[in-house]
1. Would you mind listing the helices (runs of 4 or more DSSP H) fully within region 50-104 where at least 2 residues are more than 15 Å from the ligand (Cβ to nearest atom) and surrounded by 14 or more Cβ atoms within 10 Å (Cβ to Cβ)?
2. Could you please give the count of residues in region 152-174 that are closer than 22 Å to residue 24 by Cβ and within 16 Å of the ligand (Cβ to nearest atom)?
3. Being assigned to a loop (DSSP other than H, G, I, E, B) and buried (at least 18 other Cβ atoms within 10 Å of the Cβ) is the filter here, so list the residues in region 121-138 that pass it.
4. Anything in region 139-151 that is more than 16 Å from the ligand (Cβ to nearest atom), touching a residue at least 12 places away in the same chain (Cβ under 8 Å) and either more than 29 Å from residue 275 (Cα to Cα) or within 16 Å of the chain's Cα centre (by Cα) (or both)? List them, or say none.
5. Of all the residues that make up region 40-49, how many are under 18 Å from residue 72 (Cα atoms) and within 10 Å of the ligand (Cβ to nearest atom)?
6. Within region 1-17, track down each residue that is touching a strand residue (DSSP E or B) at 6+ places or on another chain (Cβ under 9 Å) and at pLDDT 90 or above.
7. Kindly provide the set of residues from region 105-119 that are more than 15 Å from the chain's Cα centre (by Cα) and within 16 Å of the ligand (Cβ to nearest atom), ordered by number.
8. Are there any pairs, at least 6 apart or on different chains, whose C-beta atoms fall under 7 Å, with the first in region 106-119 and more than 22 Å from residue 169 (Cβ to Cβ) and the second more than 11 Å from the ligand (Cβ to nearest atom) and assigned to a loop (DSSP other than H, G, I, E, B), and if so, which?
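The values are calculated or read from the model by the stated rules, or taken from the named source; none is laboratory data. Everything quoted here is computed from the prediction, not taken from an experiment. As a convention, Cβ positions derive from the backbone with ideal geometry for all residues, glycine included, and neighbour counts pool all protein chains shown.
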Ligand SMILES: [Zn+2]
């Protein structure tokens, strides 16, 4: 329960002091965008919540599905549709499943940083820096990748993380839920931060299609999810804005979910005004317009 002392410590200002997102045109002939992205957590989705899950083999098998089935099926689908995406991968997943990580890279997709053990970056947590450094080290050593993009495990952020990512050379982040256009973070000290490609919460498949005894949720039918995803996309297209997906191979790589994703991506791919792009491509486009505007 909050007490009056802790409530008195909350500053009377917006939590994110970043100015409103600038309105830049999307690359011609497009007038809206979709950042197609996946989060590859594998078993670290579960051990990041509770390390003792490592001994719970069926709980772990939800994550193990990614390497055995989910990721290969998603790569096959993207190849069939001629789409390239961004895969944010935990360092642990790369170490434990190197062939899976290499298959994503060799299929031409972008690799992003997603922590090492999928630990939620909470304020003042001493593991934030270690998580970042181990993640960078594994991506470099195993895949030869210096990632441009970062997505926070469990989608949480704090000021220390925001500043540290700039020091590490991260160009863009994709975790905040507060806009429908890219914007440039402003750090607490007023310095420029990373480019943010905001997440569209309704495109997080975990919330709609995965249930487990440690993550109990209702599962929604194809018609229900397609209705949400198409309405979100069509209204965003009318606004000239962008959507960002947060899809997980342990969810969307399952047969019923893959069928649904195929139908949605075919629909999105047939929208002539919609630019379906990787995070690096959208961040590069933003940076070009930002430089021209200044
Ligand atoms: Zn994740």
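1. Values: elements: 57-65, 71-81, 91-96.
Because the criterion is at least 2 residues that are more than 15 Å from the ligand (Cβ to nearest atom) and surrounded by 14 or more Cβ atoms within 10 Å (Cβ to Cβ), the helices (runs of 4 or more DSSP H) in region 50-104 that meet it are 57-65, 71-81.
2. Our first condition is that a residue be closer than 22 Å to residue 24 by Cβ; within region 152-174, this holds for 166, 170-174.
Next cut, within 16 Å of the ligand (Cβ to nearest atom) only: 173-174.
The number of residues fulfilling the criteria is 2.
3. Restricting attention to region 121-138, the residues satisfying the condition of being assigned to a loop (DSSP other than H, G, I, E, B) are 121-126.
The answer is 121, and nothing else.
4. Filtering region 139-151 for residues more than 16 Å from the ligand (Cβ to nearest atom) gives 140-146, 148.
Remaining after also requiring touching a residue at least 12 places away in the same chain (Cβ under 8 Å): 142-143, 145-146, 148.
Scanning region 139-151 gives 142, 148.
5. Kept after step one, since they are under 18 Å from residue 72 (Cα atoms), are these residues of region 40-49: 40-43.
Of the ones still in play, those that are also within 10 Å of the ligand (Cβ to nearest atom) are 40-42.
The number of residues fulfilling the criteria is 3.
6. From region 1-17, those touching a strand residue (DSSP E or B) at 6+ places or on another chain (Cβ under 9 Å) are 16-17; that's our starting set.
Answer for region 1-17, where residues must be touching a strand residue (DSSP E or B) at 6+ places or on another chain (Cβ under 9 Å) and at pLDDT 90 or above: just 16.
7. Going through region 105-119, the residues more than 15 Å from the chain's Cα centre (by Cα) turn out to be 105-108, 117.
Result: 117, single match.
8. 108/84
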